[in-house]
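Accompanying notes for the structure given below.
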Amino acid sequence: MKEKKTYKSSWYEFTPSWSGFALNYDIAGYYTRHPVLQIYLIWGKLFLYLPWYHYKKIKREKTLKEQRFDKLKILRDPNYKPKEVYKKQYYDECDPPSYGIYIHMNQLGIKYGTKTKLIDFPWLLDWVRTSALRIDGEWEHDKKGSKDSKNFWDIEKWKNILFIEKHPYRYITKNGKIQDCIATIRVEEREWRWKWFKWLKWTRKVRRDIEIDFSDDIGEKKGTYKGGCTGCSYEMLKNETPYETLKRMEKERKF
């Protein structure tokens, strides 16, 4: 991928590329103590380095001279309360306060100092349910708002209730090494809807997967400190059986 050219000077930096949206005022920049105005307006990334500094007050210990002064004051006036003393310290790149707004994915971020508030857009997909296929062909549902999770992954708990099959699975590494194991599969379906319009069915997104547990780890990293894959999921195609999905994954997927 071709690198985007960046234009720089002592007071600005500009990269002509897609940027999203952000308007932020940072008390200090990453490589400078100067405050930085960050402007992303869909296309173009602009940073303006402003010609002043911000500093914070840091509490410090008093000198011997200041301590003696306080003691003399207290002797003359028992109600005298010594004042705290501070030193000035400029902000640097270590998480300086920032003020502004930005858009990331499906959220609006509002930055105020060292805090950020995230506001979800109406069309943010929010999880509604996870359903597991039973032996009788019906579905067992785990819905948002339920007091207890049904833990469909617990095979012993759902033994003789959920659809569960075991099949031989073969993985062939890039070097041609064969790894054989047993794949235990079940079927789960997940549904998401627009966060602000969950009652509208047309906003929903539904995905059906086989959930797989391998009897032994497999993959290119097997035998290394990272280890191989011990389980995963794979999306089912329309009118595809769980076994057909597993065999398709066996041909397509690399771990």
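The values are calculated or read from the model by the stated rules, or taken from the named source; none is laboratory data. Small disclaimer: the values here were computed from a predicted structure and weren't measured. When we count neighbours, we look across all protein chains shown, and the Cβ atoms used for this are built from the backbone with ideal geometry, even at glycine. Ligands, DNA and RNA are excluded from the accessible area calculation, which covers all protein heavy atoms including side chains. Shrake-Rupley method; radii C 1.70, N 1.55, O 1.52, S 1.80 Å.
A compact table of results
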read-out: Qualifying residue in the stretch 77-90 (condition: touching a residue at least 40 places away in the same chain (Cβ under 8 Å) and open to solvent by 60 Å² or more (accessible area, probe 1.4 Å)); value: yes
read-out: Some residue of the stretch 106-123 being on the phi > 0 side of the Ramachandran plot, small (Gly, Ala, Ser), in contact with a Ser or Thr (Cβ under 9 Å, 6 or more places away or on another chain) and modelled with pLDDT under 95; value: yes
read-out: Members of the stretch 93-118 that are open to solvent by less than 80 Å² (accessible area, probe 1.4 Å), within 18 Å of HIS54 (Cα to Cα) and not basic (Lys, Arg); value: PRO96, PRO97, SER98, GLY100, GLY113
read-out: Some residue of the stretch 59-74 being under 19 Å from ASP95 (Cβ atoms) and in a strand (DSSP E or B); value: no
read-out: Residues of the stretch 147-173 that turn out to be part of a loop (DSSP other than H, G, I, E, B), within 16 Å of ASP136 (Cβ to Cβ) and open to solvent by 50 Å² or more (accessible area, probe 1.4 Å), as a count; value: 4
